[in-house]
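The values are calculated or read from the model by the stated rules, or taken from the named source; none is laboratory data. Please read all numbers here as calculations on a predicted model, not as lab measurements. So basically every Cβ, Gly included, is an ideal-geometry build from the backbone, and we count neighbours across all protein chains shown.
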Amino acid sequence: MDRKHVNDWLAAYERVWRTPGTNDLVTLFTEDASYQQGPYWTPVVGLPAIAQMWEKQRKGPDEVFQMTSEIVAVEGDTAVSRQEVRYGEPVEQEYRDLWIMRFADDGRCRSFEEWPFWPGQQPANPPDGSIEQ
């Protein structure tokens, strides 16, 4: 696994998200892949379940958004990237995500873990010690 492969995979992910239907997911994920949408969420397992989740999560292939990616690390079969996604024009919602991807020998992702953050989200322990109620 190298940065070029991860960069190409990230570009393909965005392209597939923008494509009608879910047939192209097979180019991104293994048949038994797991996709975890948050660190404490139950993973969605298998291509059919991932396809169902994608269709439920997105507004459709014409959804307006911009996505930027920065690869943070690649070691062995594992990569980490930082994503920034802004939905709408004007922007209605934005996220900053960390993605942890583990790849199979054929280059498809076998394990995907997302750590999403958005404006106004409060950390469990705010750095200034205050707790909002």
Leading residue by the ranking (modelled with the highest pLDDT) among those in the stretch 88-127 that are out of contact with any strand residue (DSSP E or B) (no Cβ under 8 Å at 6 or more places or on another chain) and under 23 Å from GLY60 (Cα atoms): PRO90
Residue, surrounded by the most Cβ atoms within 10 Å (Cβ to Cβ), within the stretch 46-71, restricted to residues that are among the β-branched types (Val, Ile, Thr) and within 15 Å of the chain's Cα centre (by Cα): ILE50
Qualifying position, being modelled with pLDDT under 95, surrounded by 13 or more Cβ atoms within 10 Å (Cβ to Cβ), β-branched (Val, Ile, Thr) and under 22 Å from ASN7 (Cβ atoms), among VAL74, VAL85: VAL85
